[in-house]
1. Could you tell me which of rounded, prolate or oblate describes the chain, using a ≥ b ≥ c as the square roots of the eigenvalues of the alpha-carbon gyration tensor, with rounded for a/c under 1.5 and, failing that, prolate when a/b is larger than b/c and oblate otherwise?
2. Please give the charge dipole size of the chain, origin at the Cα centre, charges +1 on K and R Cβ atoms and -1 on D and E Cβ atoms. Round to the nearest 20 debye.
3. When 5, 20, 49 are ordered from fewest to most other Cβ atoms inside 10 Å of their Cβ, what list results?
4. Per-residue ellipticity at 222 nm for the chain, helices alone: DSSP H runs ≥ 4 residues times -39500 (n - 2.57), over residue total, nearest 500 deg cm²/dmol?
Amino acid sequence: MAATRFQIEKFYECEELDERVLLAIQLCLANTVLQEVLMEKTSFALWKRLETLYTTKSLANRLVLK
């Protein structure tokens, strides 16, 4: 199945947007926090890592997050 030119352009637009979001989040982080998450390559992975590091592990919070 060959991808159309439109699909390829959309893919690169999404990839560029994700990179911008990733950089924007990284700019808002303190250096100590940034060291913990710098290896993440996508904004989704970065956000999930931040949730893992800083979300309280209480039952009430877990129920709200679901």
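Derivation of every value follows stated rules applied to the coordinates shown; laboratory data play no part. Since the structure is predicted, the reported quantities are computational estimates derived from the model, not experimental observations. A quick note on method: Cβ atoms are made from the backbone with ideal geometry, for glycine too, and the neighbour counts reach across all protein chains shown.
1. Values: a/c = 3.60, a/b = 1.75, b/c = 2.06.
Cα axes put the chain in the oblate bin.
2. Using only the charged Cβ atoms, the result is roughly 400 debye.
3. Going from least to most buried by this count: 5, 20, 49.
4. Numbers: 4 runs with 49 residues, N = 66.
Per the formula, -23000 deg cm²/dmol.
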